[in-house]
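The values are calculated or read from the model by the stated rules, or taken from the named source; none is laboratory data. Given the structure is predicted, the values throughout are model-derived calculations rather than measurements. Using ideal geometry, Cβ is built from the backbone for each residue, glycine included, and neighbour counts are taken over all protein chains shown.
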Amino acid sequence: MLEYRISCGHIQGGWCSSCIELWREAYDKGKKDASIAKKGYMCKTEYECELGIASGGCRVFSSIEDIKNHKSCWKDCGIVEVEINYKGIL
């Protein structure tokens, strides 16, 4: 991201060492946070019968409230919590 800015504003035409270090810390934290498993919620029927084979994929919701607001079948099907792990860019 440093390449998108001409300077940090503290020195003329470049980056001061303090701003470079702050940027590196933020970048490393972002990479670490991206590697932490995240939770999602799915319709149980989609999880059991369609995940991995459905054309167009299956929807994963960010919260239980979100899936209840968007999927009317949740009372019949049930809701499952899934864990998503980052494996890298393919």
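Being at positive phi and modelled with pLDDT under 90, is that true of even one residue in the stretch 29-38? Spell out the reasoning first.
Of all residues in the stretch 29-38, those at positive phi come to none.
No, the stretch 29-38 contains no residue that is at positive phi and modelled with pLDDT under 90.
Taking the stretch 46-85 as the search range and keeping residues that are exposed (fewer than 12 other Cβ atoms within 10 Å of the Cβ) and hydroxyl-bearing (Ser, Thr, Tyr), which one is farthest from the chain's Cα centre (by Cα)? If we take residues in the stretch 46-85 being exposed (fewer than 12 other Cβ atoms within 10 Å of the Cβ) and hydroxyl-bearing (Ser, Thr, Tyr), then Ser72 is farthest from the chain's Cα centre (by Cα). The condition (being among the aliphatic types (A, V, I, L, M) and touching a strand residue (DSSP E or B) at 6+ places or on another chain (Cβ under 6 Å)) is satisfied by just one residue among Ile64, Ile89: Ile64.
For beta carbons closer than 7 Å, sequence separation of 6+ or different chains, a first residue in the stretch 57-74 that is under 15 Å from Thr45 (Cβ atoms) and without any contact (Cβ under 8 Å) to a residue 24 or more places away in the chain and a second that is of a type in the set (Asp, Glu) and crowded, with 16+ Cβ neighbours inside 10 Å, the qualifying pairs are Cys58/Glu46.
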